[in-house]
1. Hey, could you check segment 126-170 for residues that are of a type in the set (V, I, T) and part of a helix (DSSP H, G or I) and say which is farthest from L187 (Cα to Cα)?
2. Search segment 75-91 for residues that are in contact (Cβ under 8 Å) with a residue 40 or more places away in the chain and pair each with any residue that is open to solvent by less than 20 Å² (accessible area, probe 1.4 Å) and assigned to a helix (DSSP H, G or I) when their beta-carbon atoms are under 6 Å apart and the residues are at least 6 apart or on different chains.
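The values are calculated or read from the model by the stated rules, or taken from the named source; none is laboratory data. Owing to the predicted nature of the structure, the values given are computational and were not obtained by experimental measurement. Quick reminder, even Gly has a Cβ in these numbers, built from the backbone with ideal geometry, and neighbours come from all protein chains shown. In case anyone asks, the SASA skips ligands and DNA or RNA and just uses the protein heavy atoms, side chains included. Shrake-Rupley method; radii C 1.70, N 1.55, O 1.52, S 1.80 Å.
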Amino acid sequence: MLQRRLFHKIVQQFYLGHPETSRLSRFPPSLQLGLRSACHRSKTTSAFPDVRERTLIAVKPDGVQRRLVGQIIQRFEQRGFKLVGLRMLQASEDLLSEHYGELRTKSFYHSLVRYMTSGPIVVMVWEGHNVVQTSRSMVGHTNPAEAMAGTVRGDFSIHVSRNVVHASDSVEGAQREIQLWFQAKDLLDWDCNDKSSTSEK
């Protein structure tokens, strides 16, 4: 830890503070490359310390009615992801209007809202390495007829209008959806005992 702090202090003194990099030339070429790399990482991550990727997964009314919530949670736990937020609620039309904003002009929008307000849903936030992309793969194709066996939709759903679960489609989309469905106080930061077995530090 001490070595890392000293190294970053060198970076800040000889590179970050001098864009023209004149002082960087004082170091051997091999060290210059390492300093430039460290500087890039420092500028990239300093504004977002301790960033952890998160995604929103929602079990839709048909999934709740069919009592599939436990099995869906189990799949994400077994994959090694960490549950940091969980709510069961009856979604309002206003909330769904924001969530599905890009679909408002579609012909199926009103039937989608009726379906999503027909019963309770369970929304979750999962955290882990590459969790957004991996979760999309685990959930499967939007149309269950095209979803692979072993995915949530491939195993549990038979029609696109009742496809059991929602998963954020991008990191940016996940951030927007999480803020929409959860308040910051509802999301927990906690350490799994198996952290070293499921991810690299």
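1. Among those residues, the one meeting the criterion is V152.
2. So the pair list comes out as F81/V131.
This table checks each residue for (1) more than 17 Å from the chain's Cα centre (by Cα); (2) touching a residue at least 12 places away in the same chain (Cβ under 8 Å); (3) open to solvent by 30 Å² or more (accessible area, probe 1.4 Å).
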position: Y100; (1), (2), (3): yes, yes, no
position: Y109; (1), (2), (3): yes, no, no
position: V131; (1), (2), (3): no, yes, no
position: T142; (1), (2), (3): yes, yes, yes
position: A149; (1), (2), (3): yes, no, yes
position: V165; (1), (2), (3): no, yes, no
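Conditions tested, residue by residue: (1) closer than 14 Å to K60 by Cβ; (2) modelled with pLDDT of 95 or more.
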{"residue": "L89", "(1), (2)": "yes, yes"}
{"residue": "S97", "(1), (2)": "no, yes"}
{"residue": "Y109", "(1), (2)": "no, yes"}
{"residue": "V125", "(1), (2)": "no, yes"}
{"residue": "V131", "(1), (2)": "no, yes"}
{"residue": "M138", "(1), (2)": "no, yes"}
{"residue": "A149", "(1), (2)": "no, yes"}
{"residue": "D155", "(1), (2)": "no, yes"}
{"residue": "D189", "(1), (2)": "no, no"}
